[in-house]
Each structure stands twice: as structure tokens, then as C-alpha cells.
Amino acid sequence: MRCASPAAVVAFCAGLWVSNPAPAQGQQPAGRPGAGCEVCTEFLNRFYNSLIARGVTFSLETIEKELINFCLDAKGKENRLCYYLGATKDAATKILSEVTRPMSVHVPVMKICEKLKKMDSQICELKYEKQLDLTSVDLQKMRVADLKQILNSWGEECRACAEKTDYVNLIKELTPKYAERHPKTDL
């Protein structure tokens, strides 16, 4: 039996690799890398851009303090992300350094989220709720729980509402106020 040269073995393996385009275990399928970390990338991008816009120094302590303050205003899935990162008061673990250290040297947010996914897969399982276009939806056909959720996403609440029509009327009354800031509402 004859031994193949190292160059022949490399060429053979390269041929197998090219002919089998299936992703290896743990790799992203074709498309945008890190696309599964929707909430993480969106939230951390907004946070990073706010730091740049305000001219904050990128030191570890400053970024950590700013992230904790940024998480105070987070709601819904973004609040859950802050909980997973340890930026909320009730968080059980604290992995803020896994965000602050790379962000202090301007590592892209996508890379930070991919690293966080390896540490805690729940971070990339967070997805935003579907968006509801209030201009095209019939509020009368929606459930009361969904109407309450719209008001809650706006930070409003109807204490005097006894019937569905009360909720519908309040949403119609408040829509001009919130539609300019949030053209589509979470549902």
C-alpha cells in the first residue's frame, strides 16, 4: 500500500469540505450571522450608540454603570435580557463584564452577543413580540387582553374601563400621541 503525500491529503480534505456545505454543529445557517440574537443585538446597539452620542468615556466602570442605568428603562424582552446579564437588582447572576470588557475596546455588538450565547443560550432565544400596525387593525375584533397589552406597552392604564369599548375608545384617543413615536406597537 502506498502513502499519499501530505499535499494530496490536504487537497482531498479540501474537496470534501467544499462539496459538503452543511454547517457544522453550533454554526449559524446561511444568512446573517448572529441573526438569532435579535433582542441582544438591537438593545446593545442602541446602548452603544447612546454612549457614543453622549461622548461617554469607554472605561469598564463607566460602561457598567451606564448599562445598569440604561436597563432601568428597559421593558419586556429587553428587561429580561438585562436580567440575564445581571444588570437588574433582582438578577441571580452577573455577567456584565462579558459585555463591558469587549465594548470598552469597541468590539462589534454582534460578536458580543455571539459570545454571550455560548455562556447562556437563553440570551439569544429572546425575540421581540410581533409588531401591530394600529392604522390597519380593527380594535373591536381584538381581545381585551391584547388591548390591555397595547396600553401597557405605552405605559398607560385604564382604571375606569369596564367594557371592551372603553379600552377601544382610550386606545383611539391615545393613538395620535403614541403613533408618532411608535408607528407599530408590540403585541
Completion exercise
The simple spin-label model distance between His106 and Glu163, using points 7 Å out along Cα→Cβ, in nm, is 6.1 nm
Handout entry: Cα→Cβ-extended label distance, 7 Å offset, between Ile68 and Lys127, nm
Key = 3.4 nm
Practice task
Can you tell me how much longer the chain between Val56 and Val144 gets when fully stretched, taken as 0.36 nm per residue apart minus their C-alpha distance, in nm with one decimal?
Solution key: 27.3 nm
Handout entry: Other-chain or far-sequence residues with amide H under 5 Å of Leu134's (modelled H)
Key = Thr185
Handout entry: Cβ-derived FRET efficiency at R0 45 Å, Lys89 paired with Lys172, nearest 0.05
Key = 0.75
Practice task
With a 1.4 Å probe and every protein chain left in place, work out the accessible area per residue of segment 112-184 in Å², rounded to a whole number.
Solution key: 68 Å²
Problem - Between segment 129-181 and segment 39-100, the alpha-carbon center distance in angstrom - result: 29 Å
Problem - Entries of Lys75/Lys141; Lys89/Lys127; Lys77/Lys177; Lys148/Lys172; Lys94/Lys130; Lys89/Lys117 with Cα pairs more than 19 Å apart - result: Lys75/Lys141; Lys89/Lys127; Lys77/Lys177; Lys94/Lys130; Lys89/Lys117
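The values are calculated or read from the model by the stated rules, or taken from the named source; none is laboratory data. Quick caveat: nothing in here was measured; it's all calculated off a predicted structure. Note that we place each Cβ from the backbone using ideal geometry, even for glycine, and neighbour counts take in every protein chain shown. The protein model used for the area step is the full one, side chains on, heavy atoms only, and it has no ligands, DNA or RNA in it. Shrake-Rupley method; radii C 1.70, N 1.55, O 1.52, S 1.80 Å.
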